[in-house]
Each structure stands twice: as structure tokens, then as C-alpha cells.
Amino acid sequence: MRILLVEDEPAVAAFLHRGLSEQGYAVDLAADGLLGLHRAQSVRYDCLILDQLLPGLSGLEVCRQVRALDAGVPILMLTALGETDDKIRGLDAGADDYLVKPFAFAELLARLRALVRRRAEAPAPAAAPLRLADLTLDPAAKRVERAGQAVQLTAREFALLEYLLRHQGRVVSRADLLEHVWELSFDTGSNVIDVYINFLRKKVDKDFDPKLIHTLVGMGYVMKIEN
């Protein structure tokens, strides 16, 4: 299970990361609200653990924006603000549960298990198809079409195209693709990304117009309709 932990206190973040990792969770860290929101928008997490007081963007605003994109992802709010009004603001922003610092790690684990269990028991909403020009990707059916023609992709090609489409119009760096498609946090020095981008171009761009996959030298890739 993959968790996003957004916490700006280094000691607390290190403690939780170590404890959750020892319990078998895969944990991504963000030390401010803007980075936390970017990660939450880029990766499908099983749960978010979100501090309320964050630099860059408040935990409340991160929670609101994440909830607008994903109504089902469990969000556990952590904060030193323990007044009733503070809890109400957190819950109204979209948090599912609220834990006041300092807290027992065992209680956090219990609340985390309860949130994930409730999500697993709830019926999953169908993901909306992603579209750009005459290209359509259906995440639920794992189907891709261009100009009404079915396009056969491997699992990795599908994941790469889905990530590019979810960020269409924005430049996506090699580091972003390594982290979110290949789940690597460093550049291996190989040309694997260039190889897979070439595979995608042959399947979704070569025989069609307009071209949708563009390279920005030294910056990355972008999916868009070229003006």
C-alpha cells in the first residue's frame, strides 16, 4: 500500500516514515504543501497523511484540492491544533479523520487501517476516460483508441501514456517519469524513457495527425495539440 506523508517537521516525518515502512507501507514524503499537492495529483495513493500547518500551501487547502480530484482517497489530518473548531475545519475541508499531536503511533496505525478498510469496502467509482484531440484512453477498461482505431499497448506503455495525458499541456521531465512510471527516484543513465517514448510515437502518432507527443530538448516531454 502506498502512502503520501506531507509533514514539514523533519523529526516527525523521519519517525513516521521509519515506522510506516517497518509496517510494510511504501511511503512518499513531501515537506511542504505545494510539493504534497503535486505528488497527490501525479500518483494514485491509497492514503494521505497530511499535516495541517504547512509552508507553501496549508494542509487545509491541499486537502480541498485533493478531494476535488479524488473523492475516495482516505485523508488523515495530523496537527498540533486540537480545538474543536480546528477539527471541524479539517473535516469540512475533506479529511476523513483527525489526529492531534502528540499521538501514539499505535493509534495512528489503527486509524490508518480503519480508513483503508472503509475505502476497500466502498464501491470504486469508474475512472473517467482521458482525451486529447482524437486520442482516448480509458483507465478502467485499459483501452486506447486513436481516431476510432484500437491501439494495442503494453502495460508500461499504457502507464506512460496515462501519465502524459493526465499532465497534458505541461512539460513532464525525465525525473517525473522515472519516479511516477518506473518508480525510480534517480536517473539510471539508460535511455529507457527515450525508447518507450519512441514506442508510443509509433503507435499513437506516426500514422495520425495532429502529432501529440512532443520533445522539449533538455526539459522533457509534453502532450498537446501543436498550434
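Could you go through the range 119-136 and let me know if any residue there is modelled with pLDDT under 85, surrounded by 13 or more Cβ atoms within 10 Å (Cβ to Cβ) and aliphatic (A, V, I, L, M).
yes
Scan the range 139-162 and report the pairs whose first residue is in contact (Cβ under 8 Å) with a residue 12 or more places away in the chain and whose second residue is of a type in the set (K, R) and in a helix (DSSP H, G or I), with Cβ atoms within less than 8 Å and a gap of 6+ or a chain change.
So the pair list comes out as V151/K203; Q152/K203; L153/K203; E157/K203.
Could you tell me which of the residues V222, V151, V172 is closer than 24 Å to Q41 by Cα and touching a Lys or Arg at 6+ places or on another chain (Cβ under 8 Å)?
None of the other options fit; the residue is V222.
So which residues in the range 59-69 are open to solvent by less than 50 Å² (accessible area, probe 1.4 Å), of a type outside the set (K, R) and more than 10 Å from the chain's Cα centre (by Cα), if there are any at all?
G59, L60, V62, C63
The values are calculated or read from the model by the stated rules, or taken from the named source; none is laboratory data. Small disclaimer: the values here were computed from a predicted structure and weren't measured. Backbone-built Cβ (ideal geometry, glycine too); neighbour counts: all protein chains shown. The protein model used for the area step is the full one, side chains on, heavy atoms only, and it has no ligands, DNA or RNA in it. Shrake-Rupley method; radii C 1.70, N 1.55, O 1.52, S 1.80 Å.
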